[in-house]
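Note sheet for the following structure.
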Amino acid sequence: MSRGFDGHEIDDFRGGDPRSGRDAGRDSSSSWDSRNVRHNIWREEDRADRLDRESRERSDRERPPLAREERVQAVLSQRIRTKYTDRNKEYSLRDSEIHTLGEVGKFRVVGMNDLAEFAYNGDRSRMENDVESLARQGLLTHTTIADPEHNPTQVVTLTKEGHKLLSRGKVVSEHQATYHGLNKPKEAFHDADLYRLYHKVSDEIEGRGGRVLRVQLDYEMKRELYARLAHAAKDKSRDQETLREEIAERYHLKVVSGRIPIPDLRIEYLNENDYEIQRRTSNSPRSTIVRAAFPKRPAPGSSSMPAVAKLTGSAVSVTTGS
């Protein structure tokens, strides 16, 4: 980090040992030239820092807003509260609070810093006000979790009441699964990563003119796949390997060494002027394993836990057609 010129040090003005006028003059001139050189260097550093800062600010101003940012801005501009009645309970909600319920519900756990960035265009104060309002009404809860290095992070998740309102209020598509509560606290950091990962990918899709239809987390894919595999295992008339491949293909997955690796999330979307559903899968950089469905019956006395497929990289992103 560069520093500015703060004036000469006090020693620069302090007298030295008595010398001849000629030597003193030469030393004084040399010292003054040195100070001028340092001053010029610091001034140029300050100038370079200022120009760099102005360039970044100008770039941010000139960049066209993302589709997500425009949607969020339209939501934030509406400050009127609307009364919502769910069974015998009544809630008073802004559009931005309803939007937050949908964002959190789709991902189970969302970091408050990420929520402010992606759901409020960086307006943390507005985000905190909405979170407090939702918490007071019993629809959302916020807590602090710690990563393996014990670094604390504030996260939010829906309550049961919040999930019921979200489900019955048709806030999200009927094809979009939603969640509430901390399913496995030890995996909360991994789950929170998915919200940030999703927006990175969805911004790219929308930047090319695409439209996101829904996002699937591994929870949903595991539940559907395990149920289908368990049912297929009862069919003794069919080759089990062939059945696994057919089921994997039906869910747009692949069999790898007898297992079906399940990604952290999958986004379904349409490209511009195209009605064929595309799918893009991604894994959190925090992932070290990908859960995999493994329908073979375990040997007597062995564990019935599903097998896992190791990740070879820190993140994976794949795009497929329907």
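Taking a 32 Å limit on the Cα-Cα distance, which of the listed pairs 164/236; 184/236; 164/184; 184/254 fall beyond it? Don't skip to the answer; put the middle values down first.
Working: 164/236 41 Å; 184/236 36 Å; 164/184 21 Å; 184/254 27 Å.
Long pairs (Cα-Cα over 32 Å): 164/236; 184/236.
Taking just the alpha carbons, could you work out the radius of gyration and Dmax for the stretch 67-175, both in angstroms?
In Å, with Rg to one decimal and Dmax whole: 13.8, 44.
Taking the Cβ of residue 159 as the center, what net charge do the other residues with Cβ under 13 Å away carry, scoring Lys and Arg +1 and Asp and Glu -1?
+3
Listed highest first by mean packing, meaning other Cβ atoms within 10 Å per residue, what order do 253-263, 181-191, 269-279 come in?
In decreasing order of mean packing, 253-263, 181-191, 269-279 become 253-263, 181-191, 269-279.
Only counting other Cβ atoms within 10 Å, I'd like 104, 171, 215 sorted with the fewest neighbours first.
171, 215, 104
When you count, for each residue, the other Cβ atoms within 10 Å and take the mean per peptide, how do 96-103, 126-133 rank with the highest first?
96-103, 126-133
Classify the stretch 162-219 as rounded, prolate or oblate from the Cα gyration tensor: take a ≥ b ≥ c as the square roots of its eigenvalues, call it rounded if a/c is under 1.5, otherwise prolate when a/b beats b/c and oblate if not.
Oblate shape, in that a/c is at least 1.5 and b/c is the bigger or equal ratio.
If you plug each phi of the stretch 84-92 into the Karplus form 6.51 cos²θ - 1.76 cosθ + 1.60 with θ = phi - 60°, what whole-Hz ³J(HN,Hα) values come out, in order, with x for Gly and Pro?
10, 10, 10, 6, 9, 10, 10, 10, 10
If amide hydrogens are placed 1.01 Å from N in the peptide plane, which non-local residues have theirs closer than 5 Å to the one on residue 94?
Under 5 Å from the amide H of residue 94: 82.
Laboratory data are not the source of any read-out in this text; all were calculated from the coordinates shown. A quick note: this is a predicted structure, and the numbers were derived from the prediction, not measured. In this analysis, Cβ positions are derived from the backbone assuming ideal geometry, glycine residues included, and neighbour counts consider all displayed protein chains.
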